[in-house]
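Report on the structure given below.
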Amino acid sequence: MLDAPDSAVVARDSTELVPSAGGYISYGYHWTNYVRSHATAGFTKIKNEDFESDDAFDSTQYVLVNTFWQVTKGVRTGVEHSRGRRENKDGQDGTANRISFIVYYDF
């Protein structure tokens, strides 16, 4: 959860959308008919308002790489490494890494 607002109260009975931008780019490569990999990078940026607390979400960046192997028809297994960075309005930031394993079974 990013804790990033979609709108903000600007008056007692009024809200406005919070200006934000984000996007991602991804590339996939088929090593063989049974093995494929993907790399993805993305970002999100919010225009912070003066009334927001210093620890309010400001921006994030992430990158991930994964590889999947089709064991047999309908069964795939894979591994993924992702790394993300978050920065708050006051400039404090942090990073996190995650390794995920998955098995898909299509029926």
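The values are calculated or read from the model by the stated rules, or taken from the named source; none is laboratory data. Predicted model, so just to flag it, every value in this text is computed and none were measured. As a convention, Cβ positions derive from the backbone with ideal geometry for all residues, glycine included, and neighbour counts pool all protein chains shown.
Annotation note: of W69, W31, the sole residue that is surrounded by fewer than 12 Cβ atoms within 10 Å (Cβ to Cβ), in contact with a strand residue (DSSP E or B) (Cβ under 9 Å, 6 or more places away or on another chain) and farther than 30 Å from P19 by Cβ is W31.
Within segment 85-97, the set of residues being touching a Ser or Thr at 6+ places or on another chain (Cβ under 8 Å) and under 23 Å from E52 (Cα atoms) comprises R85, R86, E87, K89.
For segment 79-107, which positions are surrounded by 12 or more Cβ atoms within 10 Å (Cβ to Cβ), out of contact with any Lys or Arg (no Cβ under 9 Å at 6 or more places or on another chain) and over 26 Å from I46 (Cβ atoms)?
Residue satisfying the conditions is V79 alone.
Being in a loop (DSSP other than H, G, I, E, B), modelled with pLDDT under 95, within 20 Å of S20 (Cα to Cα) and in contact with a strand residue (DSSP E or B) (Cβ under 9 Å, 6 or more places away or on another chain): is that true of D90 here? In short, yes. If only residues of segment 29-57 that are at pLDDT below 95 and in a strand (DSSP E or B) are counted, the one that is farthest from R85 (Cα to Cα) is I46. Answer yes or no as to whether R76 is within 14 Å of the chain's Cα centre (by Cα), basic (K, R) and part of a strand (DSSP E or B). No. Inside segment 51-90, residues that are touching a Phe, Trp or Tyr at 6+ places or on another chain (Cβ under 7 Å), touching a residue at least 24 places away in the same chain (Cβ under 8 Å) and farther than 30 Å from T15 by Cβ make up a count of 7.
The residues of segment 12-28 include none that are modelled with pLDDT of 85 or more and among the acidic types (D, E).
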